[in-house]
Amino acid sequence: MTATLYIGNRNYSSWSLRGWLLVRLSGLEFQDQTIPLFTPDTKAQVLAVSPSGMVPCLHHGRVVTWDSMAIAEYLHEQFPQAGIWPRDPVQRAHARSISAEMHSGFADLRRAMPMDIHASKRGGTQSPEVQSNLRRIEQIWTDCRTRFGAGGEFLFGAWSGADCMYAPVVMRLHSNGVQMNVTTQQYVAAVRAQKDTAEWIAAARSDPWVIDWEAAARAGVAPVAQRK
């Protein structure tokens, strides 16, 4: 069966990064197709391939799966040996729980630090809400690395779906120069060096679209992508 993953701009689309890493981890052969986000034509183009009007969306033969968590579960069903979730039931439940928490939470962090992989921002005072999000992320990562991470550099030792779900947070922390504990800093470095993530980061450099998040925020308007 042929497989196509529809994604948004590599430099900015955090959910696309999650979906793309998950498909790579599964071992499924696929092609990706980018739909530029934050343009006047975005909604119509995405709706043509994704019922939710959002990316990522995976087309695998006759099966259409959208939303990163749904994609993770579909791939786990199709490729149970790929390591989307840990084999140990305790670890697997924990991995799913922290992934779901990422999926539904951390809204303040998302708003304050939109993913912009090749931005370089240093300093800045974070709101109490963002600080609370950061403390929780640090707690999750430190706990996983301490309890389950002995077999490798990632949350459950080996690279897994949970790491894919948190990869965009790694990008946010790195581009914003957020200082956290040693375990967290080591994890950030490991995720960025992971081969699939590193490939995505390199490809993001050639993203032809630019978004000025700060200008949009100052003007109180929705961000608009412009060609470089």
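Miscellaneous remarks
- On the stretch given as region 108-147, residues that are modelled with pLDDT of 95 or more and closer than 14 Å to Y166 by Cα total 12.
- Filtered residues of region 100-140 (kept if among the hydroxyl-bearing types (S, T, Y), over 26 Å from F38 (Cβ atoms) and part of a helix (DSSP H, G or I)): S132
- Tally, over region 51-89, of residues that are under 20 Å from A100 (Cβ atoms), surrounded by fewer than 21 Cβ atoms within 10 Å (Cβ to Cβ) and of a type in the set (A, V, I, L, M): 4
- Single condition D116 does not satisfy, out of (1) touching a helix residue (DSSP H, G or I) at 6+ places or on another chain (Cβ under 9 Å); (2) assigned by TED's automatic domain parsing to the domain that holds G19: (2)
- The set of residues in region 72-117 that are among the β-branched types (V, I, T) and under 13 Å from the mean Cα position of the chain (by Cα) contains only I117.
- Selected residue (criterion: surrounded by the fewest Cβ atoms within 10 Å (Cβ to Cβ)) from residues of region 27-46 that are acidic (D, E) and in contact (Cβ under 8 Å) with a residue 12 or more places away in the chain: E29
- Set V46, V55, V64: member being in a loop (DSSP other than H, G, I, E, B), at pLDDT 95 or above and not assigned by TED's automatic domain parsing to the domain that holds Y187: V55
- Residue that is over 16 Å from the mean Cα position of the chain (by Cα) and surrounded by 18 or more Cβ atoms within 10 Å (Cβ to Cβ), where the choices are V178, V169, V182: V178
- Qualifying positions in region 197-222 - surrounded by fewer than 19 Cβ atoms within 10 Å (Cβ to Cβ) and of a type in the set (D, E, K, R): E199, R205, D212, E214, R218
The values are calculated or read from the model by the stated rules, or taken from the named source; none is laboratory data. Everything numeric here is computed off the predicted structure, so don't read it as measured data. Neighbour counts are summed over all protein chains in view; Cβ atoms, including those assigned to glycine, are modelled from backbone coordinates with ideal geometry.
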